[in-house]
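In what follows, a structure is listed as structure tokens, so that the remarks can point back to it.
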Amino acid sequence: MQETAKKGASSNAVYGLGFVGAVIYFISNATGFWIGVLGVLKAIVWPAILVYEMFKFIKA
């Protein structure tokens with residue numbers, strides 16, 4: 001029987017913790033229900049937003 005190791009499991013945990021932290025941050029700063037919903041959507045894509053803003057900052 002062949003055993004397979006799951007690679008990237010620690011990065012999934014880091015992303016999960018980042019997602020939970022982002023959801024808490026965006027919802028706690030929301031001024032209304034739909035802003036809170038938008039915050040959850042932002043929390044899903046926060047790594048892409050981070051990379052985009054970083055590239056914009058370094059003018060790459």
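The values are calculated or read from the model by the stated rules, or taken from the named source; none is laboratory data. Everything numeric here is computed off the predicted structure, so don't read it as measured data. With ideal geometry, Cβ positions are generated from the backbone for all residues, glycine too; neighbour counts draw on all protein chains shown. Please note that ligands, DNA and RNA were not included when accessible areas were found on the heavy atoms of the full protein model with its side chains. Shrake-Rupley method; radii C 1.70, N 1.55, O 1.52, S 1.80 Å.
Surface listing: 14, 23 arranged by accessible area from highest to lowest gives 14, 23, probe 1.4 Å. Here the Karplus relation 6.51 cos²θ - 1.76 cosθ + 1.60, evaluated at θ = phi - 60°, turns the backbone of segment 37-42 into coupling constants of 4, 4, x, 5, 5, 5 Hz, with x for every Gly and Pro.
Packing, as the average of other Cβ atoms within 10 Å across residues, places the peptides 51-59, 24-32 in the order 24-32, 51-59, highest first. Karplus-based coupling profile of segment 12-26, in residue order and whole Hz: 5, 5, 5, 4, x, 5, x, 5, 4, x, 5, 4, 4, 4, 5, with θ = phi - 60° in 6.51 cos²θ - 1.76 cosθ + 1.60 and x standing for Gly or Pro.
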